[in-house]
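Step one of this worksheet: look at the structure below.
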Amino acid sequence: MAPIIDPKFCCSCGGPMGRAVPRDDHRERHVCTKCGFVHYLDPKVACGTIAERDGKMVLIQRAIEPRKGSWSFPCGFMEIDETTEQAAARETLEETGLEVRLGPLLGAYSYADSFWGGAILVVVYRAEVTGGVLKPDTDVCDARWIGPSEIPWEKLAFQSSTSAMRDWLRAGGHAVPPGVS
Ligand SMILES: [Zn+2]
């Protein structure tokens, strides 16, 4: 799938964009035909948490596309001025109302081709819930606590949802159901 973002005009000078291999580069880029500005298309980074309390984790139901109505862990795109840790904690608070203290990295899951049209990197931390009250919030229509045996594998939103929850089970010493990869 070709990237959706195909810049037509230079974001530096407003001139028309063309395609060229910049000097010392190795692949074709979007290059301004007027000022030479190179517009690099970058992967997107999404950050989230498996937020835990008493052996359960928080599952959210998506209220927006893509995959509206399906389930995942709280997660969203990293902003330009934050770390992956900050993004993960912020998204968790925004989507669930819960404050968390981040634990270790659970996993980093990357896909060369994703719903937005380009590569995505999903960074997931384990996290301990330290405050707040669970309630569905921004971009979310339901939120609930689930135990290791209650994961709705057939209703998960993304491959990263499945992979992260699989790794969460393994990290806790729980068996992973057959067919989950
Ligand atoms: Zn330009």
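Every number in this text was worked out from the coordinates using simple rules, so none of it is lab data. All values derive from a computational prediction rather than experimental measurement. Counting neighbours? That spans all protein chains shown, and the Cβs are built from the backbone with ideal geometry, glycine included.
Name the shape class, rounded, prolate or oblate, that the alpha-carbon gyration tensor gives for segment 83-181, where a ≥ b ≥ c are the square roots of its eigenvalues, rounded holds for a/c under 1.5, and otherwise prolate holds if a/b is larger than b/c and oblate otherwise.
Taking the square roots of the gyration eigenvalues as a ≥ b ≥ c, segment 83-181 is rounded.
What does the charge count around residue 76 come to, taking other residues whose C-beta lies under 12 Å from its C-beta (Lys +1, Arg +1, Asp -1, Glu -1)?
-4
In debye, nearest 20: dipole of segment 1-117 around its Cα centre with unit charges on the Cβ of K, R (+) and D, E (-)?
Value, rounded to 20: 420 debye.
Can you give the net charge of the other residues whose Cβ lies under 12 Å from the Cβ of residue 20, counting K and R as +1 and D and E as -1? Working shown, then result.
Details: positive: 19, 23, 27, 29; negative: 25, 28.
Net local charge, residue 20 excluded: +2.
Which residues does the label zone of residue 181 cover in segment 81-125, counting backbone N under 17 Å from a point 7 Å along Cα→Cβ?
In segment 81-125, the label zone of residue 181 (backbone N under 17 Å from the point 7 Å along Cα→Cβ) covers 110-112.
Take the alpha carbon gyration tensor of segment 130-169, find the square roots of its eigenvalues, order them as a ≥ b ≥ c, and report rounded if a/c is under 1.5; if not, report prolate when a/b exceeds b/c, else oblate. Could you put the intermediate results ahead of the total?
Values: a/c = 2.00, a/b = 1.49, b/c = 1.34.
Here segment 130-169 falls in the prolate category.
What number, in nm² with one decimal, is the all-direction average of the projected area of the convex hull of the alpha-carbon atoms of the chain?
Result: a mean projected hull area of 12.2 nm².
Output wanted: per-residue J couplings in Hz (rounded whole) for segment 15-24, from phi through Karplus 6.51 cos²θ - 1.76 cosθ + 1.60, θ = phi - 60°, x for Gly and Pro.
In residue order, the calculated couplings are x, x, 8, x, 10, 7, 8, x, 4, 6 Hz.
Ranked highest first by the average count of other Cβ atoms within 10 Å around their residues, in what order do 30-42, 72-84, 92-104, 156-168 fall?
So the order, starting with the most tightly packed, is 156-168, 92-104, 72-84, 30-42.
Counting only residues 5 or more places away or on other chains, whose amide H sits under 5 Å from the amide H of residue 69 once H atoms are built in the peptide plane?
Excluding prolines and chain starts, which carry no amide H, the hits are 62, 63, 64.
Rounded to whole Hz and in sequence order, give me ³J(HN,Hα) for segment 108-114 from the Karplus expression 6.51 cos²θ - 1.76 cosθ + 1.60, θ = phi - 60°, writing x for Gly and Pro.
Working through the residues one at a time gives 10, 10, 10, 9, 6, 9, 9 Hz.
Quick one: if you stick a label point 7 Å off each Cα along the C-beta vector at residue 149 and residue 33, how many nm between them?
Taking the simple label geometry, residue 149 and residue 33 are separated by 6.6 nm.
Check the straight Cα-Cα distances from residue 155 and name the aspartates and glutamates below 19 Å, setting aside those fewer than 8 residues away within the same chain.
Of all the aspartates and glutamates, those that pass the test against residue 155 - Cα under 19 Å, at least 8 places apart if same chain - are 65, 95, 139, 142, 167.
If r is the Cβ-Cβ distance from residue 42 to residue 65 and R0 is 22 Å, what FRET efficiency results, to the nearest 0.05?
0.50
With a ≥ b ≥ c the root eigenvalues of the C-alpha gyration tensor of segment 1-41, is it rounded (a/c under 1.5), prolate (a/b larger than b/c) or oblate?
Values: a/c = 2.24, a/b = 1.08, b/c = 2.08.
Oblate is the answer for segment 1-41, as a/c is 1.5 or above yet b/c matches or exceeds a/b.
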